[in-house]
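> Right, I'll just put the structure down here and ask away after.
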Amino acid sequence: MPTTDGRHARSERTRNAVAEAMLDCFEDGLLRPGAHEVAERAGVSTRAVFRHFDSMETLIEQVSEFQIERVMSQLPPVAFEGTREERVAALVARTSRAFELVAPVRRAALLLEPFSRTIRERHAWLRTEIRRSVRRAFAEELDRLTESRQRDRIAGLRALLSYAYWDELRRHERLAVAAATRTLSASIHALLRS
């Protein structure tokens with residue numbers, strides 16, 4: 001029995017090392033790493049990559065879990081109480097921190113998304129989580145609206161809190177984090193006031 005347990009523990013360490021190595025490739029800007037690059041970073045053979053992951057999709061599932069754990073543990077909380085200013089500031093702080101952390105991995109995920117069920121499901125989950133946070137954080141403002149206007153407002157807020165919007169501000173408009181944060185805050189306040 002100890003031999004089986006030892007083998008299982010080694011197997012688990014190798015699986016984790018391979019997934020971490022792929023995540024490291026993404027973070028270093030290698031958006032489509034091959035098995036050889038991943039194996040080299042993990043300190044294992046290329047054959048070991050395929051022995052522990054029967055498909056790229058199963059590897060992406062593991063990488064996705066690691067990424068969620070890494071990022072979620074570093075995010076400030078969303079404020080569901082307080083002034084509107086405080087609630088917007090908390091949501092924007094969380095959003096900007098998250099998107100700065102995930103930027104390199106997100107770029108790789110966007111390349112792989114058309115071919116990966118896991119990535120599509122994770123992105124759908126994230127959009128749902130943002131909608132829930134918006135609904136809770138701004139319940140006071142949203143409850144004053146009709147149901148259809150609430151839906152429209154939540155959709156607009158969710159779009160502002162998307163990676164695509166943040167990427168536009170940071171990469172394409174070349175705003176520093178502080179400027180992008182101010183712009184995002186102002187946009188959310190404007191939408192909540194309208």
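> Give me the compactness ratio for the chain, meaning the Cα radius of gyration over 2.2 N^0.38 Å. Don't skip to the answer; put the middle values down first.
On the way: Rg = 20.0 Å, N = 194, 2.2 N^0.38 = 16.3 Å.
Normalised Cα radius of gyration, the chain: 1.23.
> Another one. How large is the accessible surface per residue of the range 116-194, computed with a 1.4 Å probe and reported in Å² as a whole number? The partial results should precede the final answer.
On the way: 4680 Å² over 79 residues.
So the range 116-194 comes to 59 Å² accessible per residue, rounded to a whole number.
> Starting with the highest mean, order 24-31, 122-129 by the number of other Cβ atoms within 10 Å, averaged over the residues of each peptide. All intermediate terms of the calculation are to be shown ahead of the outcome.
Numbers: 24-31: 16.2, 122-129: 13.9.
Peptide ranking by packing, descending: 24-31, 122-129.
> Starting from the Cα of Met72, step 7 Å toward the Cβ, then list every residue of the range 5-26 with an amide N under 18 Å from that point.
20
> Taking Cα centroids, how far is the range 134-194 from the range 51-71 in Å?
Comparing the Cα centres of the range 134-194 and the range 51-71, I get a distance of 31 Å.
> Of the residues Thr14, Thr83, Thr181, which exhibits the maximal mean-square fluctuation in a Gaussian network model of the chain defined by a 10 Å Cα contact cut-off?
Result: Thr83 has the largest fluctuation of those listed.
> Under the definition of Cα pairs under 8 Å and six or more residues apart, what whole-number percent is the relative contact order of the chain? Could the numbers behind the result be given before it?
Values: 160 pairs, mean separation 36.0, N = 194.
The normalised contact order for the chain reaches 19 percent.
> Moving to a separate point now. Carbon-plus-sulfur fraction of the accessible area of the chain, 1.4 Å probe, in percent?
The value for the chain is 52 percent carbon and sulfur by accessible area.
> Now, a different point. Taking the 0 to 90 degree range and rounding to the nearest ten, how far is the long axis of helix 177-193 tilted relative to the main principal axis of the chain, both from C-alpha atoms?
50
The values are calculated or read from the model by the stated rules, or taken from the named source; none is laboratory data. Since this is a predicted model, take the numbers as computed values, not measurements. Positions of Cβ are backbone-derived with ideal geometry, glycine not excepted, and every protein chain shown enters the neighbour counts. Protein only, heavy atoms only, side chains kept; ligands, DNA and RNA dropped before computing areas. Shrake-Rupley method; radii C 1.70, N 1.55, O 1.52, S 1.80 Å.
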